[in-house]
1. Could you list, in sequence order, all residues of the stretch 539-558 that are surrounded by 17 or more Cβ atoms within 10 Å (Cβ to Cβ) and either at pLDDT 85 or above or in a helix (DSSP H, G or I) (or both)?
2. Just to be sure before I move on: is residue 277 at pLDDT 85 or above and either closer than 23 Å to residue 319 by Cβ or surrounded by fewer than 16 Cβ atoms within 10 Å (Cβ to Cβ) (or both) in the structure I sent?
3. May I ask you to say which residue of 539, 493 is touching a Ser or Thr at 6+ places or on another chain (Cβ under 8 Å), among the polar types (S, T, N, Q) and over 24 Å from residue 360 (Cβ atoms)?
4. Does residue 513 meet the test of being surrounded by 12 or more Cβ atoms within 10 Å (Cβ to Cβ) and under 17 Å from residue 491 (Cα atoms)?
5. Test residue 111 against the stated conditions and say whether it is of a type in the set (Lys, Arg) and farther than 19 Å from residue 263 by Cα.
6. So which residues in the stretch 93-108 are touching a helix residue (DSSP H, G or I) at 6+ places or on another chain (Cβ under 7 Å) and of a type in the set (A, V, I, L, M)?
7. Report the residue count in the stretch 135-159 for those that are of a type in the set (Asp, Glu) and loosely packed, with under 12 Cβ neighbours inside 10 Å.
Amino acid sequence: RSVYDDQPNAHQRFMEKLDACIRNHDREIEKMCNFHHQGFVDAITELLKVRAGAEKLKVQVTDTNRSLQDAGKEVIAQTEEIIRCRIQQRNITTVVEKLQLCLPVLEMYSKLKEQMKVKRYYSALKTMEQLENLYLPRVSQYRFCQIMIENLPKLREEIKEISMSDLKDFLESIRKHSDRIGETAMKQAQQQKTFSTALQKQNNVNYSRNVHLGRSRILESKNEMTLKRTFEEDDEHEEEILTAQDLVDFSPVYRCLHIYSVLGDGEIFENYYRKQRRKQARLVLQPQSSMHETVEGYRRYFSQIVGFFVVEDHILHVTQGLVTRTYTDELWNMALSKIIAVLRTHSSYCSDPDLVLELKNLIVLFADTLQGYGFPVNRLFDLLFEIRDQYNETLLKKWSGLFRDIFEADNYSPIPVANEEEYKIIISKFPFQDPELDKQSFPKKLPMSQSVPQIYIQVKEFIYASLKFSESLHRSSTEIDDMLRKSTNLLLTRTLSSCLQNLIKKPHIGLTELVQIIINTTHLEQACKYLEDFISNITNISQVTVHTARLYGLSTFK
């Protein structure tokens, strides 16, 4: 500013001074350069030398780089291999973790398949339940789990079908084996009855020991032998007699019940089982058309029915709710009505008293067997009273023929007795007493003809035959006594009376025969009181009892 603010020539002087200053500096620079020129030359020379070394170094570096590159290729390859292995290792670890989740599922599914193979269906259903609730939700994102989830309902349906098929086979099996089951149950009931009878006889002997000591010892020893023999027979046959469980495998019905209960279809199964059993009951209750001809026909019919209800009783006690007491009672009442109708019809065709007696014994055994299983059988014993009337009718017809044969074979002459032995034989058969005749010497003649002791014996045989039916009817001695007297009265008042009336109307009967018939009738009339004593001894009912009926033989013969 001072240069421009001073006089006009100041600028020029400044420029001159500046030029002089520049020249001074140039001289100093030149001096400086001259001073340092040799060092510059030396430096250039040195640089030229370094240039050659730099070229050599460049070549060495290039060679070294090439060697490093060649050596690094293997390192890179190894490094890449390590990276790949690390990735594989990480993947393997992930797979192991996932497999640890999947393996229990696969093991359970394999277990399920094995259970299906060995037919452990109830366990298979439990395994399915665990799979669905516990295992499959953990691995539901995998496709194989979706396949399993889709297969489980199919397996359930397969189990239902298989178990239902097993149930049908079971129903068919018990239908086939019901007669054997019933026969076994009836044998057991018969053995129990035999045992109870022997035991009762033993007790009766012990009770009467103080009254008839000597006699009772003999009877006691006999009864002990009988009882022991009964026990031994029971032991011998114990292994032979099988139970319903031995004859039929009940596991299918248990298994099917459990399976349907687990699946929530227990009610469907119960309804199906009861429906099928009702159908089988109707088939069992249908008799064969020729059943009334043989005892075996009746035995087979009763065995099938007993077998059916023994199975139902077993199912009632070993399952909960499959059948109920109400159901079995309803089924039994239906069956009982059908059985009674069938027996009424078929027994009416029986004309042989022995067959009717066998039928009665079978009905009693049938009733006792089912009563042991808790079924009411009073109506069957009521039916036996109806059959008893029919049995008496068949007996009356049979004895009518016997009486006719005796009358036709009789010579209507007094019985000749050569010696005392013959006399005792006749007296043992017929209660004849005549003091005057006893005083006479042998040979002598009894006033009646041969038909009288024979008729008396046949009347006693009739009483025995009638008594056979009255046994095991669970009736008192008074009722049995009354039944025997009524049936004997029918024999005397109807059958024997009719035979006598027909006899005296025959044209070959002359005056001599009529006189002998009158004598015979008189002796038969006198023998009636012995028949009453005979009945009283059988039934142990005294004749002085108010309700004891009398024989009408006296009035009939008169």
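1. 539, 553, 556, 557 - these are the residues of the stretch 539-558 that are surrounded by 17 or more Cβ atoms within 10 Å (Cβ to Cβ) and either at pLDDT 85 or above or in a helix (DSSP H, G or I) (or both).
2. Spelling it out, residue 277 is indeed at pLDDT 85 or above and either closer than 23 Å to residue 319 by Cβ or surrounded by fewer than 16 Cβ atoms within 10 Å (Cβ to Cβ) (or both).
3. Details: 539 fails: over 24 Å from residue 360 (Cβ atoms).
Going through 539, 493 in turn, the sole match is 493.
4. Details: surrounded by 12 or more Cβ atoms within 10 Å (Cβ to Cβ): yes; under 17 Å from residue 491 (Cα atoms): no.
Answer is no for this residue.
5. On the way: of a type in the set (Lys, Arg): yes; farther than 19 Å from residue 263 by Cα: yes.
Spelling it out, residue 111 is indeed of a type in the set (Lys, Arg) and farther than 19 Å from residue 263 by Cα.
6. Start the filter on the stretch 93-108 by keeping residues that are touching a helix residue (DSSP H, G or I) at 6+ places or on another chain (Cβ under 7 Å), which leaves 101-102, 104-105, 108.
Result: 101, 105, 108.
7. In the first step, residues of the stretch 135-159 are kept if they are of a type in the set (Asp, Glu); the result is 150, 157-158.
Narrowing the set further to residues that are loosely packed, with under 12 Cβ neighbours inside 10 Å leaves 150, 157.
Residues meeting the conditions: 2.
Yes/no per residue for (1) part of a helix (DSSP H, G or I); (2) in contact with a strand residue (DSSP E or B) (Cβ under 7 Å, 6 or more places away or on another chain); (3) modelled with pLDDT of 50 or more:
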| residue | (1), (2), (3) |
| --- | --- |
| 154 | yes, no, yes |
| 160 | yes, no, yes |
| 170 | yes, no, yes |
| 176 | yes, no, yes |
| 187 | yes, no, yes |
| 191 | yes, no, yes |
| 199 | yes, no, yes |
| 205 | yes, no, no |
| 211 | no, no, no |
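The values are calculated or read from the model by the stated rules, or taken from the named source; none is laboratory data. Since we're looking at a predicted model, the values are computed, not measured. Heads up, the Cβs are rebuilt from the backbone with ideal geometry, glycines too, and the neighbour counts pull from every protein chain shown. For accessibility, only protein heavy atoms count, side chains too; no ligands or nucleic acids. Shrake-Rupley method; radii C 1.70, N 1.55, O 1.52, S 1.80 Å.
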